[in-house]
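The values are calculated or read from the model by the stated rules, or taken from the named source; none is laboratory data. Note that this is a predicted model, so its numbers are computed, not measured. Using ideal geometry, Cβ is built from the backbone for each residue, glycine included, and neighbour counts are taken over all protein chains shown.
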């Protein structure tokens, strides 16, 4: 065993028996590098990363390669999901050096942590124009020992890159509707009209950009924009990127038509797609969309939820040493398992004897179900029955296979994203079981990962550790707000408010007038990271901006809203120019520019008259909705409920836009009439 054996991260533990003398990131490794004047070989990856596993098998388990690493470097292994700050700092350096990034990330540092050479995956032998990892090791070591002037030039350029990110923020433009117009048109230009989604292969879900298009279609009543979101979600749901048997979405598709996925399943992808699908269902009332989001939440509940209520991080792409083995099928397996239903099921899921993936079949839905039913001379309802029976039968067979490894690390920010998605679905779909799932998760987070309004990043095997980042605080707080809107229990709004105040105290820097991803009292690295673009997950800044806008509106705290608007101003022109990189932040910009739809329901949440009004709100897609409800002590500290009485002893709803309110109403039909004009602001 090496030093990683004492860690709790499943990814680090995977490397605990490598012959490499790995250190976890920490003062011991850094002190040794300085004492021995040795460069650092830093390797960053994550548990579900396929190519991380490949490089481990090819290089880190190879005795000769390990001998070179141990002789020439201090070797440090980092789980990017535990330490997104370290990953962000060195990923930006590798991208600047090579023009690309990804995982595994391989980077060589001076003993003080300055990067001077790096890349991603390196093969064990020279091939396809890529140098072997051993060649790279020798070049990196020789550069440090014999070409210090070159090292100094390389590190000084990277330090300039880091220094630029620390400059005080400035406004780049006004928050005006034209910004939103430019942004959605920029996103739409990248739309793939044949298969949905954006650009070509590889194709990522980009749920946040699709969510912004859905919001835009509501604001503008533009049916073509709605169709981009609707077609993209349906194409993914019918593709191999969606697990047709067990529910849940894989990470991305290696082709442009969503057929062949990179098979890992990540909690955050599914959180964002569940949220998108739930909102899309409220617009379209499409039964297929509802089925897919319910299957995905059911998968989370069944396979990704700890006994404590926390949500696990991911499922591996590989099982039994092969990528996708758990998920693919032969035509013969369908025949044996499904018998009389096999022909129809094969037609529905595009199964052929030759297969579509290395001789096997990735199940997908290549044709419209109605067309398949017509070709089979059965009704659509009969086909749906066949598919439901077949799905259950194949799930039973698959349960006997060796499962992909599960990363049971519970991350605060990813849990916050899924908490919000499940709470929204519980409210919109009227699913009490989803509400209980969300409530248990929320209680877990605030019991195990929140201390005095500070969030811890990770919880594994009963141990909470690592100071949380901006994204952790903001995502958990937004999850709490979603739980409040689903339950009207004021404890959740108080918890969200406490985290919002902590964000301003610990992550806001008054000198630069911007948020940083690490708190002011966290470990000092070579630079203090700040990521503003939304990548696979929303950036900490975009989550914080939305949180401050929402908490500021609910609690009548204009200072929070003004701080959020300033951050949006500093990114106004980048949002308009490079819109696909700011999907979540654009939603916050829409909220700031067009204003919130504020709904206050005054009454007892346990009574039917209150519940009917709440259901009327929950049954509509209202992207800028900020809702509060309750009476008496439940209304304390909630500005939306202040000085708003019930009428005639009945639960009463108040609908306001930009401090202008409609007539208070006590019946759902009157409330719906005030909610259904999307252009009113």
In the set 454, 497, 513, which member is touching a residue at least 24 places away in the same chain (Cβ under 8 Å) and in contact with a strand residue (DSSP E or B) (Cβ under 8 Å, 6 or more places away or on another chain)?
454
Has the range 259-280 got at least one residue that is closer than 24 Å to residue 434 by Cβ and over 17 Å from the mean Cα position of the chain (by Cα)?
yes
Given the range 60-174, what strands (runs of 3 or more DSSP E) lie entirely inside it while holding 3 or more residues that are under 25 Å from residue 262 (Cβ atoms) and under 33 Å from the mean Cα position of the chain (by Cα)?
74-79, 105-109
Can you pull out every residue in the range 320-340 that is surrounded by fewer than 18 Cβ atoms within 10 Å (Cβ to Cβ) and either modelled with pLDDT under 95 or on the phi < 0 side of the Ramachandran plot (or both)?
320, 321, 322, 325, 330, 331, 332, 333, 335, 336, 337, 340
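In this structure, is residue 583 in contact with a helix residue (DSSP H, G or I) (Cβ under 6 Å, 6 or more places away or on another chain) and either modelled with pLDDT of 95 or more or surrounded by fewer than 18 Cβ atoms within 10 Å (Cβ to Cβ) (or both)?
Numbers: in contact with a helix residue (DSSP H, G or I) (Cβ under 6 Å, 6 or more places away or on another chain): yes; either modelled with pLDDT of 95 or more or surrounded by fewer than 18 Cβ atoms within 10 Å (Cβ to Cβ) (or both): yes.
It is true that residue 583 is in contact with a helix residue (DSSP H, G or I) (Cβ under 6 Å, 6 or more places away or on another chain) and either modelled with pLDDT of 95 or more or surrounded by fewer than 18 Cβ atoms within 10 Å (Cβ to Cβ) (or both).
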Output for the range 648-671, where each listed residue is surrounded by 15 or more Cβ atoms within 10 Å (Cβ to Cβ) and either part of a strand (DSSP E or B) or not assigned by TED's automatic domain parsing to the domain that holds residue 618 (or both)
650, 652, 653, 654, 655, 656, 657, 665
Which residue pairs have Cβ atoms under 6 Å apart, sit 6 or more places apart or on different chains, and have a first residue in the range 631-644 that is not assigned by TED's automatic domain parsing to the domain that holds residue 554 and a second that is surrounded by 12 or more Cβ atoms within 10 Å (Cβ to Cβ) and assigned to a loop (DSSP other than H, G, I, E, B)?
631/603; 639/556
Does residue 169 qualify as being surrounded by 15 or more Cβ atoms within 10 Å (Cβ to Cβ), farther than 27 Å from residue 222 by Cβ, in contact (Cβ under 8 Å) with a residue 60 or more places away in the chain and not assigned by TED's automatic domain parsing to the domain that holds residue 222?
yes
So which residues in the range 650-665 are modelled with pLDDT of 95 or more and out of contact with any helix residue (DSSP H, G or I) (no Cβ under 7 Å at 6 or more places or on another chain)?
652, 654, 664
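Results for (1) within 18 Å of the chain's Cα centre (by Cα); (2) in the same structural domain as residue 295 (by TED's automatic domain parsing); (3) more than 25 Å from residue 362 (Cα to Cα), shown as yes or no for each residue.
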| site | (1), (2), (3) |
| --- | --- |
| 183 | no, no, yes |
| 186 | no, no, yes |
| 206 | yes, yes, no |
| 216 | no, yes, yes |
| 224 | no, yes, yes |
| 230 | no, yes, no |
| 236 | yes, yes, no |
| 239 | no, yes, no |
